4 protein chains.
Amino acid sequence: MKSFSYPYMVCYADTDAGGVVYHARYIDMAERARMAMLMELGLSCRAALQSEKPFGLMIRKIEAEYIKPAFLEDRLTIETRLISMGGATMEFVQDVKRGEELLVSMKLTAFTVSGVGKPTRIPAAMREKLAALL
Amino acid sequence: MKSFSYPYMVCYADTDAGGVVYHARYIDMAERARMAMLMELGLSCRAALQSEKPFGLMIRKIEAEYIKPAFLEDRLTIETRLISMGGATMEFVQDVKRGEELLVSMKLTAFTVSGVGKPTRIPAAMREKLAALL
Amino acid sequence: MKSFSYPYMVCYADTDAGGVVYHARYIDMAERARMAMLMELGLSCRAALQSEKPFGLMIRKIEAEYIKPAFLEDRLTIETRLISMGGATMEFVQDVKRGEELLVSMKLTAFTVSGVGKPTRIPAAMREKLAALL
Amino acid sequence: MKSFSYPYMVCYADTDAGGVVYHARYIDMAERARMAMLMELGLSCRAALQSEKPFGLMIRKIEAEYIKPAFLEDRLTIETRLISMGGATMEFVQDVKRGEELLVSMKLTAFTVSGVGKPTRIPAAMREKLAALL
């Protein structure tokens, strides 16, 4: 199972008055990391939305466990792994780390939807590229 | 010139590690206030996007002056006034207040765009409703 | 178990290029609803942070299930219930609805931390007020 | 006048239902670019907040002009220049570009505040490093 590593520096916009990164911001970060991983595989969400048979990825489920807080200017790494792939669904595990310390661990289930918003099978070309990650 | 008043309570999501509301969040708040004002006039951005001649509002210019900070749980009011209307443009002034204290003053220029993203005249039905604000 | 109902209108800031509310924004909404519920009980996060024995609430775990999308200008309701309370932890269920339709269901575990960031027992005054919700 | 170039890829979190980057998100991006520039100069906002004489940067004024929209997956560059420095204030120009195209041009005035939130002179060590940018 290949892991994709995405670097991220914590800015004021990510933090809250408690002095730490706001919990929902890790979920935004996770999207940046997944998109960078897909782009690296040559998979473009924009091309998918604009293709003849438009499709997109939607999130069905998120589980996030917050272990330690991150702070302003922390240099984080988001490790992303695709852990399973079904007909229309993908499961990702995404860990936010500061060096070796695990701060947040997320598990996300995404699925492909057609242009009219119905769940649809993962297109073959995408499936093939994603399979290389498993 | 009619002013529309929109109440807003500051949550953690709005704040940053400096202990105050993050500067860009006032611009999000301002959109909430404008949308609530338009809805009150019977103007729906969603209906506009989905109409036969789809159009939308885009922001061309923002000037924001930050006078005093807002804090967690502050109960703010956003006062919105339409100050001018041209062929395709509208100018709004939006003041964020805590009681009588002025915290942030914004001036925004918006314009109407057609479905293909070209500037387009403000549709007559919208113009008529907006004119009531001037 | 008492449920607290919080109204929310979807603005552009909440949506993404897929035309629906972005998944992480529901988690921001959920915080607004929890804060409004706590304020209604007379519990202030700000007073807690500034008290002699400062404490705050942190999120330990989030589970979010996305059932149906919400769209621009949707008038949503966030139903918040406290479902259990331990020594330092609270579990909330928060459902985002559009009328009777359930769109997103979240379960969050929060815990109280002292000013130096250590988990600490829920202060008695807070516990008493929260107990009224169970 | 030295320009600092910061790369940024547009994710779903940055976009709205109009299919373009939401106007307030450019202001978040601009902060990321300024922070990266300061870090490159060896200036840490976190160290400043935690120093013996704590100080921070606050925004006093923003002017943003929106020229062309950015779209999902666009690879943008944010060009940041410090254009002037007073006793307590700094003026930055930040341009968001897609290749050679100018999409958004921002001018921001920031000022240094002491730990108790009062405007204070830019500390000598910081002033010296910033002067190298002018």
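The single condition among (1) surrounded by fewer than 16 Cβ atoms within 10 Å (Cβ to Cβ); (2) touching a residue at least 24 places away in the same chain (Cβ under 8 Å) that B:Gly99 does not meet is (2). For segment C:38-109, the strands (runs of 3 or more DSSP E) that sit wholly inside it and include 3 or more residues that are within 14 Å of chain A (Cβ to nearest Cβ) are C:55-66, C:89-98.
Quick grid of which residues meet (1) within 29 Å of C:Met58 (Cα to Cα); (2) touching a helix residue (DSSP H, G or I) at 6+ places or on another chain (Cβ under 6 Å):
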{"residue": "A:Ile78", "(1), (2)": "yes, yes"}
{"residue": "A:Ser84", "(1), (2)": "no, no"}
{"residue": "A:Ser105", "(1), (2)": "yes, no"}
{"residue": "A:Leu108", "(1), (2)": "yes, no"}
{"residue": "A:Pro119", "(1), (2)": "no, no"}
{"residue": "A:Ala125", "(1), (2)": "no, no"}
{"residue": "A:Lys129", "(1), (2)": "no, no"}
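Residue count for segment D:58-101 under the criterion of being acidic (Asp, Glu) and within 22 Å of B:Pro69 (Cα to Cα): the result is 2. Only residues that are aliphatic (A, V, I, L, M) and surrounded by fewer than 14 Cβ atoms within 10 Å (Cβ to Cβ) were counted in segment D:103-134, giving 6.
So that you can scan it fast, the table gives a plain yes or no per residue for (1) of a type outside the set (A, V, I, L, M, F, W, C); (2) touching a strand residue (DSSP E or B) at 6+ places or on another chain (Cβ under 9 Å):
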{"residue": "B:Tyr8", "(1), (2)": "yes, yes"}
{"residue": "B:Gly19", "(1), (2)": "yes, no"}
{"residue": "B:Arg25", "(1), (2)": "yes, yes"}
{"residue": "B:Ala47", "(1), (2)": "no, no"}
{"residue": "B:Gln50", "(1), (2)": "yes, no"}
{"residue": "B:Gly56", "(1), (2)": "yes, yes"}
{"residue": "B:Glu65", "(1), (2)": "yes, yes"}
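Among the residues making up segment B:63-77, those that are closer than 20 Å to A:Ala17 by Cβ and among the hydrophobic types (A, V, I, L, M, F, W, C) are B:Ile67, B:Ala70, B:Phe71, B:Leu72, B:Leu76. Note on segment A:35-80: residues that are buried (at least 16 other Cβ atoms within 10 Å of the Cβ), of a type in the set (A, V, I, L, M) and farther than 21 Å from A:Pro123 by Cα total 6. Just to be sure, is B:Ala13 closer than 19 Å to D:Asp14 by Cβ and either touching a helix residue (DSSP H, G or I) at 6+ places or on another chain (Cβ under 8 Å) or at pLDDT 95 or above (or both)? It is true that B:Ala13 is closer than 19 Å to D:Asp14 by Cβ and either touching a helix residue (DSSP H, G or I) at 6+ places or on another chain (Cβ under 8 Å) or at pLDDT 95 or above (or both).
Would you tally the residues in segment D:23-52 being out of contact with any Asp or Glu (no Cβ under 9 Å at 6 or more places or on another chain) and over 26 Å from D:Ala13 (Cα atoms)?
Step one: of segment D:23-52, the residues out of contact with any Asp or Glu (no Cβ under 9 Å at 6 or more places or on another chain) are D:27, D:30-32, D:34, D:36-38, D:40-43, D:48-52.
Those still in the list that are over 26 Å from D:Ala13 (Cα atoms) too: D:40-43, D:48-52.
Summing the residues that are out of contact with any Asp or Glu (no Cβ under 9 Å at 6 or more places or on another chain) and over 26 Å from D:Ala13 (Cα atoms) in segment D:23-52 gives 9.
If the condition is being assigned to a loop (DSSP other than H, G, I, E, B) and of a type in the set (Gly, Ala, Ser), then segment C:16-37 contributes C:Ala17, C:Gly18, C:Gly19, C:Ala24.
Can you name the condition, by its number, that C:Glu91 falls short on among (1) under 17 Å from C:Ile122 (Cβ atoms); (2) more than 18 Å from the chain's Cα centre (by Cα); (3) among the acidic types (Asp, Glu)? All conditions pass for C:Glu91, except number (2).
Residue by residue, here is whether (1) at pLDDT 95 or above; (2) touching a His at 6+ places or on another chain (Cβ under 9 Å); (3) closer than 21 Å to D:Met39 by Cβ holds:
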{"site": "D:Glu63", "(1), (2), (3)": "yes, no, no"}
{"site": "D:Phe71", "(1), (2), (3)": "yes, no, no"}
{"site": "D:Ile78", "(1), (2), (3)": "yes, no, yes"}
{"site": "D:Gln94", "(1), (2), (3)": "yes, no, yes"}
{"site": "D:Glu101", "(1), (2), (3)": "yes, no, no"}
{"site": "D:Val104", "(1), (2), (3)": "yes, yes, no"}
{"site": "D:Lys107", "(1), (2), (3)": "yes, no, no"}
{"site": "D:Gly117", "(1), (2), (3)": "no, no, no"}
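Taken over segment A:112-134, residues that are part of a strand (DSSP E or B) and under 17 Å from A:Ala47 (Cα atoms) amount to 3. Checking each residue of segment C:89-104 against the condition of being small (Gly, Ala, Ser) and at negative phi gives no match. Here is the figure for segment A:81-91: residues that are touching a residue at least 24 places away in the same chain (Cβ under 8 Å) and surrounded by fewer than 21 Cβ atoms within 10 Å (Cβ to Cβ) total 7. Every residue in segment C:6-32 that is of a type in the set (A, V, I, L, M, F, W, C) and either within 14 Å of chain D (Cβ to nearest Cβ) or surrounded by fewer than 23 Cβ atoms within 10 Å (Cβ to Cβ) (or both), please. Residues satisfying the conditions are C:Met9, C:Val10, C:Cys11, C:Ala13, C:Ala17, C:Val20, C:Val21, C:Ala24, C:Ile27. Every test in (1) touching a Leu at 6+ places or on another chain (Cβ under 9 Å); (2) closer than 22 Å to D:Cys11 by Cα; (3) modelled with pLDDT of 95 or more is passed by A:Met85 save one, and that test is (2). Would you be able to say whether some residue in segment D:27-42 is over 18 Å from D:Lys97 (Cβ atoms), more than 11 Å from the chain's Cα centre (by Cα) and touching a residue at least 40 places away in the same chain (Cβ under 8 Å)? Scanning segment D:27-42, I find at least one residue that is over 18 Å from D:Lys97 (Cβ atoms), more than 11 Å from the chain's Cα centre (by Cα) and touching a residue at least 40 places away in the same chain (Cβ under 8 Å), so the answer is yes.
The values are calculated or read from the model by the stated rules, or taken from the named source; none is laboratory data. Predicted, not measured: the structure shown is a model, and the values here were computed from it. Because the Cβ atoms are built from the backbone with ideal geometry, glycine has one as well, and the counts that use them run over all protein chains shown.
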